[in-house]
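The values are calculated or read from the model by the stated rules, or taken from the named source; none is laboratory data. These numbers were taken from a predicted model, which means no experiment stands behind them. Counting neighbours? That spans all protein chains shown, and the Cβs are built from the backbone with ideal geometry, glycine included.
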Amino acid sequence: MFKYEKDQDNIVTVTMDMQSRSANVINEEFGKLWLDTIDRLEKEKAEIAGVVLTSAKSTFFAGADIDNLFKQTDAQLIFDMCEGLKKQLRRLETLGKPVVAALNGAALGGGLEIALACHYRVALNNPKAQFGLPEVGLGLLPGGGGIVRLTRMIGLQPALPLLTEGKRLKVKEAVSNGLINEIAETAEDMIAKAKAWIKANPKAINPWDDKAFKFPGGDARNPKVASMIPIVPAMTKKKTWGNYPAVEAIINTAVEGSVVDFETACRIESRYFTSLAVGQVSKNMITAFWYNLNAINAGGSRPKGFDKYTTKKVGVLGAGMMGAGIAYVSAISGMEVVLKDVSVEAAEKGKAYSEGLLKKRVSKGKMTKDKMEEVLSKIKATDSAADMEGCDLIIEAVFEDRALKAKVTQEVESVMLAEGTFASNTSTLPITGLAQASARPKQFIGLHFFSPVDKMPLVEIICGAETDDATLAKAFDYVLQIKKTPIVVNDSRGFYTSRVFSTYVMEGIAMLGEGQHPKSIENAGMKAGMPVGPLALTDEVSMKLMDHIRKQTEKDLAAEGKTVPQHPGFAVCEKLLAVNRPGKAAGAGFYEYPQGGTKFLWPELTNMFPQTTPLSQQEMIDRMLIVQAFDTVRCVEEGVLRSVADANIGSIFGWGFSPFNGGTLQFINGYGLKKLIERSKELEAKYGERFSVPKLLQDKADKGELFVD
């Protein structure tokens, strides 16, 4: 319901409180309530002095109902929905009375669009509140007049970064960016300030409804702005490689809308929104970043029946880059941390990593010095296993050597809490094998972090053969506690992320061995939507490490009477290693790394691997993406992956699989299963069995099914 209250000064406060939802959203129920409210305001406007629009929820307004939008495929219906919402907002905006949005909490997307249609915005100083138009993150643009109003409010140049990057602003940032006019310290003060503004501005209108309105900073016809306009799409294309139509649509809407009247600009916005909403990219991104991510964060992969566990004391074995990062994210989340290495000096060096990150936060005004000291005081640097006493979680982050991992496991298990969890941060070694060194394998689990730990959002949780559900639940809760996204997989060599990631880099390396130009390979990787080309990424990881993992795998499989499937990329790596070019850390790999300069591809590559007939870029892209998607399907077949959501989010957050495709399994859905099977048969004929169709994929295609949870 919408509560309608008129005070003694004839100011109406409309409190939005949709009964069927935990947050106010734009849907059919909202439409009816809003229409009834606008009708009443218009009917009674002679007796009212102004309107305060606020919310009874913890947030002001959550935006559109994604569920309803996602299932729509009728372009005319979507366009009409957009235009209908705009019409109702326009009725409020042109009521002839001052309207103030009293923002008690977050206003994102459609919520902010409603607030922008008001004449003034007062926000509660709520540290959790965020304000912005983040639709681009779902492959969409603001469809309720957000682009048209924001550009007219603050100008094209200030508005475009907020829109194209989907920035979420805290209260004070929203004020400095011109989205909010005033801050209040209490809910009562917020309403009082809203009413005071109404009294002081009885004839308020929005700037664009003033006949003397001039576009802030000039519209697209202004010479200064016109000179900037061609640069923006070029810079955007350089970042997006043309893979994100929403970014270009936002720019087009803003620029085209700036040179026409308000109503026409709104119609332009609706048309662009419609084209995005029916497109495959938005369907892919909504699948991953709305449905899959929400399912994971809601505990979809967490065992049921266990109380939420709060980790209090974390031991970290190994103070190198990974261990230091794990110590930092644990300490800043409020946990006590013991950081152990072979010497106190090495452990202190690891602690200094946290100090450096915290000092950056202080210098940017994001943390006080007192808070920095408090966080640092939580990290104890040591060389003694005895200091691990009382730890309810110990994370081993030493070198990828089974014997070393076994040694440190046994060294500290005896002093940690009896009910505590021991986790290995291995990226490839099977957890079941590592757990053999443990006295309590049921409480042994894998926590695979990604580097740099403070920035990378994912943690891959790996269950060994004996890991029990109570341990998994604790590990899952710890990952959420450090504000990371957990995916859960079963044990295997390379698990999910390391295993499938390697198919991308190895496919690029194989192309080099075939005689494809290295620059073309790198460009194809970027155009495919990957964050870095396969050759550059190999340099970052280090061919030496990859070679070590391969040899360890060969050794382990030989003991089981098995062999490692040969890959054409292996020979390329061996050639590079033979001339001492293992990667970036050594200053020489596929790239040259001049001191103080920009890296560039090693010119000798084209001599070492003579050029042949160039492949089309699409052929390269297909190979890079399909090989990853197929290995993901095999992970499902083998029981490594437990859910589609974990597959999609793990691929995007773990190694950067193209977000616009929605993750590895959503890429298959979007491509079309039968169409993909036909394409893979062509690739298999040319390049071998790594492109053979997995049985599960064929079965789903035959049944007309998609990869969904």
Practice problem: Could you grab me the full set of residues in the stretch 437-453 that are at pLDDT 95 or above and closer than 24 Å to residue 289 by Cβ? | Solution: 447, 448, 449, 453
Quiz item: Taking residue 112 and the conditions (1) in a loop (DSSP other than H, G, I, E, B); (2) closer than 13 Å to residue 166 by Cα; (3) not β-branched (Val, Ile, Thr), which numbered condition does it fall short on, given that it satisfies the others?
Solution: (1)
Exercise. Taking residue 202 as meeting all but one of (1) in a helix (DSSP H, G or I); (2) within 30 Å of residue 6 (Cβ to Cβ), write down the number of the exception.
Key: (1)
Practice problem: Answer yes or no: is there a residue in the stretch 567-575 that is surrounded by fewer than 17 Cβ atoms within 10 Å (Cβ to Cβ), in the same structural domain as residue 511 (by TED's automatic domain parsing) and part of a loop (DSSP other than H, G, I, E, B). | Solution: no
Self-check item: Identity of the residue in the stretch 14-30, in contact with a Leu (Cβ under 8 Å, 6 or more places away or on another chain) and not in a loop (DSSP other than H, G, I, E, B), that ends up surrounded by the most Cβ atoms within 10 Å (Cβ to Cβ)
Solution: 26
Practice problem: Quickly run through the stretch 672-687 and pick out the residues that are touching a helix residue (DSSP H, G or I) at 6+ places or on another chain (Cβ under 8 Å) and of a type outside the set (Lys, Arg). | Solution: 673, 676, 677, 680, 683, 684, 687
Self-check item: Lone qualifier among 513, 529, 508 - being assigned by TED's automatic domain parsing to the domain that holds residue 634, part of a loop (DSSP other than H, G, I, E, B) and at pLDDT 95 or above
Solution: 529
Exercise. Taking the residues in the stretch 43-86 that are exposed (fewer than 13 other Cβ atoms within 10 Å of the Cβ) and among the charged types (D, E, K, R) as candidates, determine which candidate is farthest from residue 133 (Cα to Cα).
Key: 47
Self-check item: Wholly within the stretch 385-491, helices (runs of 4 or more DSSP H) carrying at least 2 residues that are within 28 Å of the chain's Cα centre (by Cα) and within 22 Å of residue 632 (Cβ to Cβ)
Solution: 469-481
Quiz item: What residue, among those in the stretch 281-317 that are assigned to a loop (DSSP other than H, G, I, E, B) and touching a strand residue (DSSP E or B) at 6+ places or on another chain (Cβ under 7 Å), is surrounded by the fewest Cβ atoms within 10 Å (Cβ to Cβ)?
Solution: 312
Self-check item: Pairs, first assigned by TED's automatic domain parsing to the domain that holds residue 273 in the stretch 230-250, second assigned to a helix (DSSP H, G or I) and acidic (Asp, Glu), C-beta under 7 Å, six or more apart
Solution: 233/248; 236/248
Quiz item: Is there a residue being among the basic types (Lys, Arg), in a helix (DSSP H, G or I) and in contact (Cβ under 8 Å) with a residue 40 or more places away in the chain anywhere in the stretch 257-272?
Solution: yes
Self-check item: Residues of the stretch 664-692 satisfying the condition of being out of contact with any Leu (no Cβ under 6 Å at 6 or more places or on another chain), within 14 Å of residue 632 (Cα to Cα) and either surrounded by fewer than 18 Cβ atoms within 10 Å (Cβ to Cβ) or not hydrophobic (A, V, I, L, M, F, W, C) (or both)
Solution: 664, 666, 690, 692
Exercise. Return yes or no: is residue 620 more than 22 Å from residue 292 (Cα to Cα) and in contact with a Gly (Cβ under 7 Å, 6 or more places away or on another chain)?
Key: no
Quiz item: Looking only at the stretch 205-237, which residues are closer than 30 Å to residue 529 by Cβ and either of a type outside the set (A, V, I, L, M, F, W, C) or not in a loop (DSSP other than H, G, I, E, B) (or both)?
Solution: 228, 230, 231, 232, 233, 234, 235, 236, 237
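With the structure loaded, tell me whether residue 632 is modelled with pLDDT of 95 or more and in contact with an Asp or Glu (Cβ under 9 Å, 6 or more places away or on another chain) or whether it fails that test. Can you show your working first?
Numbers: modelled with pLDDT of 95 or more: yes; in contact with an Asp or Glu (Cβ under 9 Å, 6 or more places away or on another chain): no.
It is false that residue 632 is modelled with pLDDT of 95 or more and in contact with an Asp or Glu (Cβ under 9 Å, 6 or more places away or on another chain).
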Self-check item: helices (runs of 4 or more DSSP H) completely within the stretch 593-683 that count 3 or more residues being of a type in the set (A, V, I, L, M, F, W, C) and at positive phi
Solution: none
Quiz item: Does at least one position in the stretch 408-425 carry a residue that is in contact with a Leu (Cβ under 8 Å, 6 or more places away or on another chain), among the hydroxyl-bearing types (Ser, Thr, Tyr) and closer than 14 Å to residue 475 by Cβ?
Solution: yes
Quiz item: Going by the structure shown, is residue 184 at pLDDT 95 or above, surrounded by fewer than 24 Cβ atoms within 10 Å (Cβ to Cβ) and in contact with a helix residue (DSSP H, G or I) (Cβ under 8 Å, 6 or more places away or on another chain)?
Solution: yes
Exercise. Go through 415, 479, 489, 459 for me and flag whichever is modelled with pLDDT under 95 and not assigned by TED's automatic domain parsing to the domain that holds residue 664.
Key: 415
Quiz item: Do any residues in the stretch 167-178 that are over 12 Å from residue 112 (Cβ atoms) and assigned by TED's automatic domain parsing to the domain that holds residue 124 have Cβ atoms under 6 Å from those of residues that are at pLDDT 95 or above and in a helix (DSSP H, G or I), where the two are at least six apart or on different chains, and which pairs are they?
Solution: 178/154
Quiz prompt | Options 175, 148; residue that is over 27 Å from residue 31 (Cβ atoms), of a type in the set (Val, Ile, Thr) and either touching a strand residue (DSSP E or B) at 6+ places or on another chain (Cβ under 9 Å) or not in a strand (DSSP E or B) (or both) | solution = 175
Quiz item: If you scan the stretch 48-69, which residues turn out to be polar (S, T, N, Q) and under 23 Å from the mean Cα position of the chain (by Cα)?
Solution: 59, 68
Practice problem: Can you confirm whether the stretch 263-278 contains a residue that is under 18 Å from residue 222 (Cβ atoms), crowded, with 17+ Cβ neighbours inside 10 Å and either out of contact with any strand residue (DSSP E or B) (no Cβ under 7 Å at 6 or more places or on another chain) or of a type in the set (D, E, K, R) (or both)? | Solution: yes
Quiz item: If we scan the stretch 368-387, do we find a residue that is modelled with pLDDT under 90 and assigned by TED's automatic domain parsing to the domain that holds residue 322?
Solution: no
